[in-house]
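J.: Handing you a structure now.
The values are calculated or read from the model by the stated rules, or taken from the named source; none is laboratory data. Computed from a prediction, not measured in an experiment: that's the story for all the values here. Methodologically, a virtual Cβ is constructed for each residue, glycine included, from the backbone with ideal geometry; neighbour enumeration extends over all protein chains shown. Surface areas here come from the heavy atoms of the whole protein model, side chains and all, with no ligands, DNA or RNA. Shrake-Rupley method; radii C 1.70, N 1.55, O 1.52, S 1.80 Å.
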Amino acid sequence: MTRVDGTGRPYFTIGDGYALYQGGVTEGSLHRHAAFQVAIAVQGEVAMDDVSGTRHSDVALIVPPMVGHRLLQAQALRIFYVEPHCAFADELRALCDTGITPAPAMSGLSEEDVRAAGGRPSSDLDGRLLEAMRTLLDEQTSMPALAAQVGLSPQRLRALARTELGMPLTRWRIWRRLARSAEALREGRPLSVAALAGGFADQAHFTREMRRMMGLTPAEAVRALEASAAASRVERDRAGDR
């Protein structure tokens, strides 16, 4: 079990239906996720700008999928990326508006809370859309073939994705490719190998897409993973001494 505490120490992991990064962030560029983002300040407030330059700040903020934003520098944040096809995303849809939404009730959100609903399917989304998204988790298939598989025309599937997800399925596919690459990083694979695991042309392509969709570079993710592994080893050593 992962323990997310208030120390702000770097940590990055991927679970069923979610990913979690904890640590410091630098002031980044404008980016859009293909997932919900819940950004929580370990201390003080989290702040970000939207596409118009309007600043939002609170102890916790929710960003819906494909809403452009730019995180401001912070020493310690907990950032959850919640995939829109899981049950926990239903809770977020009920809480947030179409843009960046203050969510002080989420300030105590833990990985255990998200994990409990991350593996269950959404009850809000059309079942045919859920089937298409599940197919794209593991398979590389053309959009016409995918639409036929779920009993829709390509045009109807595209419209359904835009209406219910707020994004095209092509963006979801890239997000899932990033998840495969990030999982390879978590397993200790080199950046070049992780890029290939997600189907990216090269390491530079992987870096561009990860920065564009997560506001985080692979190198930053690796540093968080290494720091998390080191902290875990220290905890195990301390437990063995007791």
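J.: Could you check ARG115 against (1) open to solvent by 30 Å² or more (accessible area, probe 1.4 Å); (2) assigned to a loop (DSSP other than H, G, I, E, B) and say which number it fails?
T.: (2)
J.: Still on this structure, please answer the following. On the basis of being touching a helix residue (DSSP H, G or I) at 6+ places or on another chain (Cβ under 7 Å) and either outside any loop (DSSP other than H, G, I, E, B) or at pLDDT below 95 (or both), does ILE79 make the cut? Quick ask: steps written out before the conclusion?
T.: Numbers: touching a helix residue (DSSP H, G or I) at 6+ places or on another chain (Cβ under 7 Å): no; either outside any loop (DSSP other than H, G, I, E, B) or at pLDDT below 95 (or both): yes.
Spelling it out, it is not the case that ILE79 is touching a helix residue (DSSP H, G or I) at 6+ places or on another chain (Cβ under 7 Å) and either outside any loop (DSSP other than H, G, I, E, B) or at pLDDT below 95 (or both).
J.: Filter the helices (runs of 4 or more DSSP H) completely within the stretch 143-242 down to those with at least 3 residues that are at pLDDT 85 or above.
T.: Details: elements: 143-149, 154-164, 169-186, 191-197, 203-214, 218-241.
Of the helices (runs of 4 or more DSSP H) lying wholly inside the stretch 143-242, those with at least 3 residues that are at pLDDT 85 or above span 143-149, 154-164, 169-186, 191-197, 203-214.
J.: Among the residues of the stretch 60-76, how many are outside any strand (DSSP E or B) and surrounded by 19 or more Cβ atoms within 10 Å (Cβ to Cβ)?
T.: Total satisfying the criteria: 3.
J.: List, please: which pairs have Cβ atoms under 6 Å, are six or more places apart or on different chains, and start with a residue in the stretch 24-43 that is under 16 Å from GLU91 (Cβ atoms) and end with one that is hydrophobic (A, V, I, L, M, F, W, C) and open to solvent by 10 Å² or more (accessible area, probe 1.4 Å)?
T.: Once the first residue is under 16 Å from GLU91 (Cβ atoms) and sits in the stretch 24-43, its partners that are hydrophobic (A, V, I, L, M, F, W, C) and open to solvent by 10 Å² or more (accessible area, probe 1.4 Å) give VAL38/MET106.
J.: Condition test on ASP126, is it modelled with pLDDT of 90 or more, surrounded by fewer than 19 Cβ atoms within 10 Å (Cβ to Cβ) and either polar (S, T, N, Q) or touching a Phe, Trp or Tyr at 6+ places or on another chain (Cβ under 9 Å) (or both)?
T.: no
J.: Restricting attention to the stretch 101-112, which residues are over 17 Å from GLY44 (Cβ atoms), buried (at least 18 other Cβ atoms within 10 Å of the Cβ) and not β-branched (Val, Ile, Thr)?
T.: GLU111
J.: Further question on the same structure: Taking only pairs six or more apart or across chains, which ones have beta-carbon atoms under 6 Å, a first residue in the stretch 211-223 that is over 12 Å from GLY188 (Cα atoms), and a second residue that is at pLDDT below 75 and open to solvent by 40 Å² or more (accessible area, probe 1.4 Å)?
T.: Within 6 Å, no pair qualifies.
J.: Can you give me the number of residues within the stretch 167-217 that are basic (Lys, Arg) and open to solvent by less than 50 Å² (accessible area, probe 1.4 Å)?
T.: Of the residues in that region, 4 qualify.
J.: Looking at the stretch 26-33, can you tell me whether even one residue there is assigned to a loop (DSSP other than H, G, I, E, B), within 18 Å of THR217 (Cβ to Cβ) and in contact with a Leu (Cβ under 6 Å, 6 or more places away or on another chain)?
T.: Yes.
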